[in-house]
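The values are calculated or read from the model by the stated rules, or taken from the named source; none is laboratory data. Only a predicted model underlies this, so the values are computations on that prediction, with no experimental measurement involved. Cβ sites come from the backbone with ideal geometry, for glycine too, and all protein chains shown count toward neighbours. Just the protein is used for accessible areas: all its heavy atoms, side chains included, with ligands, DNA and RNA removed. Shrake-Rupley method; radii C 1.70, N 1.55, O 1.52, S 1.80 Å.
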Amino acid sequence: MREVDLFIRQRLDSGVPLIGQVSRYIITAGGKRLRPTLLLLVSGALGFTGPERFTLAAVVEFIHTATLLHDDVVDDSSLRRGNATANITFGNPASVLVGDFLYSRAFQMMVDVGSMRVMSVLSEATTVISEGEVLQLMNMHNADLDEEGYLHVIRSKTAKLFEASARVGAILAGASPEIETACAHYGQALGTAFQVIDDVLDYTGDAALMGKNLGDDLREGKATLPLIAAMQRGNAEQREVVKLAIENGDVDAIEQVVAIVRATGALDVARKAASDEAARAIAAAEQLPDSPHRTCLIQLAAQLLDRQT
């Protein structure tokens, strides 16, 4: 990861000072680097040690960072990783345009690696992510969204880049189609579990630890799994409270909604869904050759359920 961070800093260089300023602001703000870590762990588990893994680990982090810049503008977010978002600090136009730069630089770096297969996987991933963002936008304030629709959104918007990162690690290693598929399944399951837990933390987490405002999902009118489960399990009065909160983005109702989410056992439903995805990820990782890298992949999935940030 030190090599990847060095590569990231080098490739952020631009003749336009504001590009480097905004990019460094968000990239150095303490992100988890899960997607590049996943690519490195998979390639290591399959015995690939070439320098291309550093380039492509930086690529997936650039793609992820571009989505964050655009997301925060769309969601009108004010806090990320405990700091003011880039759109608050530099303005919406700068955030959108620097996000565009990071996408462009990522594809420039993909070309440097010279693998059409890798380019195909990552270009498809960016398309699916964009589709997921639009799907989420279409479902804002939609209290009728069901669990299937919710999972479709998060597997597109969040899990797809996890899936692509793991698949690229397998492609670099020249893995068999079966192993490549197992790696992709691992990434998709891990990314899905990660997002479900993130949505749980929006109603149970510590704002200081999480580095973002609690209740943001409700303010944005997102029908996440805790709310979907609460409406499925609650009585008529509870369903109406949650429904109106989603439709109106009523963050003033957050305490009442949290009480309903807890009383109906909706958090347990969401945690069970995340646990099932983590188990699916572990089963996929167990198909890889035994190694410290495989052990890390299994531990990563197992510990994801305990995350607080």
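Take the Cα gyration tensor of the range 4-161, multiply each eigenvalue by 5, square-root it, and list the three semi-axes largest first, rounded to whole angstrom.
25, 22, 14
Helix 147-157 against the longest principal axis of the chain: what's the angle in degrees, Cα atoms only, rounded to the nearest 10?
So the helix axis and the longest Cα principal axis differ by about 30 degrees.
So with the 1.4 Å probe, I'd like the accessible area per residue for the chain, rounded to whole Å².
43
Using Cα pairs closer than 8 Å and at least 6 residues apart in sequence, work out the relative contact order for the chain, in percent.
Taking the mean separation of contacting Cα pairs over the length of the chain, I get 20 percent.
Per the 1.4 Å probe, what fraction of the accessible area of the chain, in percent, lies on carbon and sulfur atoms?
52
Compute the Rg/Rh shape ratio of the range 92-196: radius of gyration over Kirkwood radius, all on alpha-carbon atoms.
1.03
Just for the Cα atoms in the range 193-298, what are the lengths along the principal axes, largest first, rounded to whole Å?
So the extents along the principal axes, rounded to whole Å, are 52, 30, 19.
Which one is right for this structure if percent of Cα pairs over 33 Å apart is calculated from it: [x] 24; [y] 15; [z] 20?
Structure-derived value, by its label: [x].
Summing Lys, Arg as +1 and Asp, Glu as -1, what charge do residues with Cβ under 12 Å from the Cβ of residue 140 carry, residue 140 excluded?
Net local charge, residue 140 excluded: -4.
How many angstrom separate the Cα center of the range 217-266 from the Cα center of the range 146-197?
28
Please give the helix 254-263 orientation as an angle from the longest Cα principal axis of the chain, in degrees from 0 to 90, rounded to the nearest 10.
90
Compute the relative contact order of the range 49-95 as a whole-number percentage, counting only Cα pairs closer than 8 Å that sit 6 or more residues apart in sequence.
27
Whole-Hz Karplus ³J(HN,Hα) for the range 236-246, in order, using 6.51 cos²θ - 1.76 cosθ + 1.60 and θ = phi - 60°, x for Gly and Pro?
Along the range 236-246, the couplings run 4, 5, 5, 4, 5, 4, 5, 4, 5, 5, 5 Hz.
Could you tell me which residue out of 128, 266, 244 lies farthest along the dipole of the range 112-268 toward its positive end? Charges go on the beta carbon: Lys and Arg +1, Asp and Glu -1, centred on the Cα centre.
Farthest towards the positive pole: 128.
For residue 272, which aspartates and glutamates qualify as cross-link partners when the Cα separation must be under 16 Å and same-chain residues fewer than eight apart are set aside?
147, 148, 198, 199, 306
What residues qualify as long-range amide H neighbours of residue 80, i.e. H under 5 Å apart, gap of 5 or more or another chain, H built at 1.01 Å from N?
Those lying under 5 Å, H to H, from residue 80 are 85.
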